[in-house]
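Okay, so here's the structure we're looking at.
The values are calculated or read from the model by the stated rules, or taken from the named source; none is laboratory data. Because the structure is predicted, anything quoted here is derived from the model rather than measured. Backbone-built Cβ (ideal geometry, glycine too); neighbour counts: all protein chains shown. For the accessible areas, the whole protein counts, side chains as well, though only heavy atoms, and no ligand, DNA or RNA atoms are used. Shrake-Rupley method; radii C 1.70, N 1.55, O 1.52, S 1.80 Å.
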6 protein chains.
Amino acid sequence: HSKDKYQGNDVAGVVTGLAWTSVGGDILFIETSLSKGKGKFTLTGNLGNVMKESATLALEYLKAHSEALGLDAEVFENWNVHLHVPEGATPKDGPSAGISMMTALASAFTQRKVKRNLAMTGEITLRGRVLPVGGIKEKILAAKRADIKEIILSIDNKKDIDEIDAAYLKGLKFHYVTEMIEVIDLALLKTKVDNPIKIS
Amino acid sequence: HSKDKYQGNDVAGVVTGLAWTSVGGDILFIETSLSKGKGKFTLTGNLGNVMKESATLALEYLKAHSEALGLDAEVFENWNVHLHVPEGATPKDGPSAGISMMTALASAFTQRKVKRNLAMTGEITLRGRVLPVGGIKEKILAAKRADIKEIILSIDNKKDIDEIDAAYLKGLKFHYVTEMIEVIDLALLKTKVDNPIKIS
Amino acid sequence: HSKDKYQGNDVAGVVTGLAWTSVGGDILFIETSLSKGKGKFTLTGNLGNVMKESATLALEYLKAHSEALGLDAEVFENWNVHLHVPEGATPKDGPSAGISMMTALASAFTQRKVKRNLAMTGEITLRGRVLPVGGIKEKILAAKRADIKEIILSIDNKKDIDEIDAAYLKGLKFHYVTEMIEVIDLALLKTKVDNPIKIS
Amino acid sequence: HSKDKYQGNDVAGVVTGLAWTSVGGDILFIETSLSKGKGKFTLTGNLGNVMKESATLALEYLKAHSEALGLDAEVFENWNVHLHVPEGATPKDGPSAGISMMTALASAFTQRKVKRNLAMTGEITLRGRVLPVGGIKEKILAAKRADIKEIILSIDNKKDIDEIDAAYLKGLKFHYVTEMIEVIDLALLKTKVDNPIKIS
Amino acid sequence: HSKDKYQGNDVAGVVTGLAWTSVGGDILFIETSLSKGKGKFTLTGNLGNVMKESATLALEYLKAHSEALGLDAEVFENWNVHLHVPEGATPKDGPSAGISMMTALASAFTQRKVKRNLAMTGEITLRGRVLPVGGIKEKILAAKRADIKEIILSIDNKKDIDEIDAAYLKGLKFHYVTEMIEVIDLALLKTKVDNPIKIS
Amino acid sequence: HSKDKYQGNDVAGVVTGLAWTSVGGDILFIETSLSKGKGKFTLTGNLGNVMKESATLALEYLKAHSEALGLDAEVFENWNVHLHVPEGATPKDGPSAGISMMTALASAFTQRKVKRNLAMTGEITLRGRVLPVGGIKEKILAAKRADIKEIILSIDNKKDIDEIDAAYLKGLKFHYVTEMIEVIDLALLKTKVDNPIKIS
Ligand SMILES: [Ca+2]
Ligand SMILES: [Ca+2]
Ligand SMILES: [Ca+2]
Ligand SMILES: [Ca+2]
Ligand SMILES: [Ca+2]
Ligand SMILES: [Ca+2]
Ligand SMILES: [Ca+2]
Ligand SMILES: [Ca+2]
Ligand SMILES: [Ca+2]
Ligand SMILES: [Ca+2]
Ligand SMILES: [Ca+2]
Ligand SMILES: [Ca+2]
């Protein structure tokens, strides 16, 4: 399916994550959009409670650290945020989309482009740490099938990569991180998307 | 039953979708209406959670892309929206009514007529992509029984149509799309319905 | 029981419906009342989700078509509406009370009298169509027992009446309808009830 | 237990009802109180959904018919209402406390005394009809044990009383009613309780 | 455990209750505190629905009878109330903490000291009656172990005390009450706690 | 895992707690952050109801005793609080994180540093007492593995420490407390974190 391939970075607020299910690894897209409002946060995509909590955590982290991220704290009161994870028929859960969600939200609020051919997986904490997650081997294989070239992981997942046969890793570049701020530096370009919406 | 036949396009906000159940394919109507209010969104028709999420997604997409669709962003705060899917005794679920729902809402807010004898099925994403759905063969047969002449599908469902014996497809025209904006261009006429309500 | 007999039309907002349960047909009363407020809608009578959705649909239809029905759109913001279906100990569900509910609400808001000795059964849609429902034979027998003289049904239920032995139908007049507006024309008299409350 | 005896009518808003459980009949007290507020309605006493609906129905009926009952419609917006049914450890349900609840609320809002040694049982409708209820024989025996002298019932429960051996009915006076307004006329005295609170 | 001993009366809003569980009687503490706010009522301590209803009842009773208790009715709108029952890991339910809860709340709002070495158990009603509760023997033994000297009970629980061997009751003084107002007179001292907060 | 090690005290609002699960003891981090708002309290981390109640209790205690803690009572209305407990995939429950939660919140609102290499476990009450908790031996072993040097416990847990072989306790210093105020004095340094946010 073309829907299981990486799909470009023309739109702000869309980040590629990696999922691990009973039938193997897969990529998934974290899609976010903003509309004028009073700060309502809407979540769709058949998300379980842990994944919904990750999304809440991602947004609250951005709110609490807006200054460090160059965001005006007031934008969160003036815009509604919608976060969706296709495909709606598939239940999804777990904390591993945390860093993808936070990056997607950061891109939406800054309108900065997301780096091309990049995927990521990792749990976030409220302090901004990136925690290791499971299913790394299956996720890496799925990323390759989807034409991903770079992957961001927690430094604590390095040992999982080291255990994978090098042949499978060919053509992939790994970034190991400790803090969420590193993810944003790696994932968001300085340039904005074409026709950015004006956030204020 | 006449209720299982296509029923014309005189009313804004009504779009014909295609459903797939354990007893075969069927057409269904997405009905929307607006009333003065503060933006409340009401869903009826015995809808499951995934289908409710599709409706939320459809409305949020319109809000986030109102400018591109020629809608004044303020209309969403000044009108309540009701989306109903008859028949109330039948539970309904799944993401495949997504494009019908978004088209119905776009028709309601623009008061533009929906093209005659048209049906559609496809999942939407927050970026506006149209994803493939299941049960295509059964849905096509149901569309024919209901006197549908044109059908909109995701480009990723073309392979499902190609597998159907040509005899069954006689009299049907298919439109394969990638983006939601193509659906709106195909489905909504430039002319408004008779006695349009004034939306502002 | 006298409670299972038709009980007159002195009060605005009360309409006789027809129910079909595992123990046969029965009449039921849709009771509505208005009190000064901000548009809250209260439902009682041990109603299941589908029946509650019918009530929502009925009220939303009136709101969206208030002009065509001669109602000032603002009344819905200035009055609370209560809809009750006796008898509270009996669980009730299904969409077939839709037209009774919409008619009862229309009577309450216009204070127009409901035609005497009239009952009805049919599902409504947001477009205003009247859809056929089940259990017609049992419902007709119950209507006769309760001294009902006229019955409103969907045109798609005519075939169910045609299958009933004519002897059972003696003394009953049937009205077959397609649109909700026909129901209101048939069921609501031009005259108001005695001592109508002033709705504005 | 003294708690199972009739306990006087010194307080406004307290009415004696009759319950029927798996272990026989019992009296119960409907207690209501008002406190300054914005119209919140609080229900306690381990009440099931049908019984909660009865309470809602009772209050809504008073709101919709405030004028006929000599109540200023605005009082409902200026006072919070609490309705409690001791004893909290016992689950209670069913519609038969409807008339007791409506009478208790009418007493609270008018501060009129409730007639002494009176109990009642009956379902209410939104039109103000009083419907028959079950367990009449058991309820009557319980009323006698609790020193009740007069009982209000639906006219449709007269047949149940007629079936009881006259010996059991000695010392009891029955009032059979059709409409809720008759209950209020029978149950509420013209005099107010001592030290009435000023409701406005 | 010291946590199972009576712990003094230095703090306003803390009252000792008596609980009865499958493993015997126990004392429990009803703790309440006030913070500036708009009248929110927060309940913690793993409380079941009946016990939560008791707490609601206690607070509503105080609101409805604020004048008789010497409380300014407005304090309830200006302060948030929190009621907690340690220990959080133990589920608790039942109506018997009703009088402890009402006394604790009355102490918090008046800042009056609670009498030393006092415990109580009894259900409350909205009229202010104190109803008898179960498990009296086990509760009394637990009170003795915890160094309680005086106990308040419903007059209808006197028969339960009379059945206990006098040896077990040595050193305990019992107060039998009918009305909640007697409990407050017995339990709350005229003096305020040290450093009372100013409630208005 | 490095995530199972003590992780420094550079950030305000983060405290190390001790958990006890079916697979042994573990450390956990209580993370809190503040963002401008109206006092909303958000809890994440897959927390059970008892643990959520502990968090509510912790925040309410701070609100009710803000003066004693040197906090301006108004800060609670001007900031939203988020409390998170990594790791999201692990369900967590019980009251034993109570003192960690209250300390973390106190640090967030005062921006005072938390003492280095410190962990704690204990239930809190609304009066500010610290109650003993279970699993002490397993928690102590986990604390040692994580390089913790000091531990705060309820005085009622001292007997549990006394039963542990001294060899296991080497390098650990214990603080036994009765009141929550002692915990805050022990755990929060007088110095603020670097770049404290200005809370008012
Ligand atoms: Ca996929
Ligand atoms: Ca992921
Ligand atoms: Ca159908
Ligand atoms: Ca469809
Ligand atoms: Ca019946
Ligand atoms: Ca019906
Ligand atoms: Ca009883
Ligand atoms: Ca009763
Ligand atoms: Ca205990
Ligand atoms: Ca107790
Ligand atoms: Ca761990
Ligand atoms: Ca802990």
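Accessible surface computed residue by residue for the stretch E:49-200, with neighbouring protein chains in place and a 1.4 Å probe, gives 40 Å² per residue. Helix F:136-145 axis versus longest C-alpha principal axis of chain F: approximately 80°, rounded to the nearest ten.
Shape index of the stretch C:32-81: Rg/Rh, with Rg the Cα radius of gyration and Rh the Kirkwood radius from the inverse mean 1/r over Cα pairs, equals 0.99. Relative to the longest principal axis of the Cα atoms of chain C, the long axis of helix C:49-64 makes an angle of roughly 50 degrees. When B:Lys198, D:Lys115, B:Lys36 are compared by accessible area of protein heavy atoms, the largest-first order is B:Lys198, B:Lys36, D:Lys115, using a 1.4 Å probe. When the surface is traced with a 1.4 Å probe over the full set of protein chains, B:Val11 keeps roughly 80 Å² accessible.
Summarise the long-distance tail of P(r) for the protein assembly as shown by giving the % of C-alpha pairs beyond 48 Å. Tail of the P(r) past 48 Å holds 43 percent of the pairs. Expressed as a whole percent, the proportion of Cα-Cα pairs in the stretch E:1-92 lying more than 22 Å apart is 33%.
Using the Cβ-Cβ distance between D:Thr178 and D:Ala73 with R0 set to 30 Å, the FRET efficiency works out to roughly 0.70. Computed over chain E with a Gaussian network model linking Cα atoms closer than 10 Å, the most mobile of E:Ala146, E:Ala167, E:Ala55 is E:Ala167.
When only Cα pairs below 8 angstrom with a gap of at least 6 residues are kept, the stretch F:109-172 shows a relative contact order of 36 percent. If you sort the three axes of the alpha carbon gyration tensor as a ≥ b ≥ c, you get a/c of 1.5 or more for the stretch A:96-171 and a/b no higher than b/c, which makes it oblate. If both residues of a DSSP beta bridge must be in the protein assembly as shown, then about 55% of such bridges are antiparallel.
Here the stretch B:68-200 carries DSSP beta bridges of which approximately 40% are antiparallel, counting only pairs with both residues inside. Put simply, chains E and D cover up around 1800 Å² of each other's accessible surface, both sides summed, when a 1.4 Å probe is used.
The calculated pair-distance distribution of the stretch E:49-119 uses every alpha carbon pair, bins of 10 angstrom beginning at 0, and gives 18, 50, 28, 4 percent.
Each Cα pair under 8 Å and six or more residues apart adds its sequence gap; the mean of these over the residue count of the stretch E:51-122 is a relative contact order of 44 percent. Summing charges over all other residues whose Cβ lies under 14 Å from the Cβ of E:Trp79, with Lys and Arg as +1 and Asp and Glu as -1, gives +1. Just need the relative contact order of chain A here, percent rounded to a whole number, with Cα pairs under 8 Å and 6+ apart. Computed over chain A, the figure is 27 percent. For the set F:Ile99, C:Ile197, the ranking by accessible area, highest first and with no ligand, DNA or RNA atoms included, is C:Ile197, F:Ile99 under a 1.4 Å probe. Protein heavy-atom surface of the protein assembly as shown, 1.4 angstrom probe: 50% of the accessible area is carbon and sulfur, with nucleic acids and ligands not counted.
If I ignore ligands, DNA and RNA and count only protein heavy atoms, how much of F:Lys173 is accessible to a 1.4 Å probe, in Å² to the nearest 10? That residue has around 110 Å² of solvent-accessible surface.
For C:Gly134, neighbours were defined as the other residues whose beta-carbon sits under 12 Å from its Cβ, and their charges (Lys and Arg +1, Asp and Glu -1) total -3.
Counting only DSSP beta bridges whose two residues both lie in the stretch B:9-138, roughly 70 percent are antiparallel. Rg and Dmax over the alpha-carbon atoms of chain D stand at 15.7, 50 Å. Between helix B:98-110 and chain B there is an angle of about 40 degrees, using the helix long axis and the longest principal axis of the Cα atoms. Among the listed pairs B:Lys198/C:Lys190; F:Lys5/F:Lys144; A:Lys5/B:Lys139; F:Lys36/F:Lys63; D:Lys5/D:Lys52; A:Lys149/F:Lys3, those whose Cα-Cα separation exceeds 21 Å are B:Lys198/C:Lys190; A:Lys5/B:Lys139; D:Lys5/D:Lys52; A:Lys149/F:Lys3. Note on exposure: C:Arg127, D:Arg145 ranked by accessible area (1.4 Å probe, complete protein assembly) read D:Arg145, C:Arg127, with the most exposed listed first. If you take the Cα centroid of the stretch B:124-200 and the Cα centroid of the stretch E:57-131, the two points sit 64 Å apart.
For chain E, the longest piece that avoids every one of the GluC sites (Glu not before Pro) found in DSSP loops with at most 15 other C-beta atoms within 10 Å covers E:75-162.
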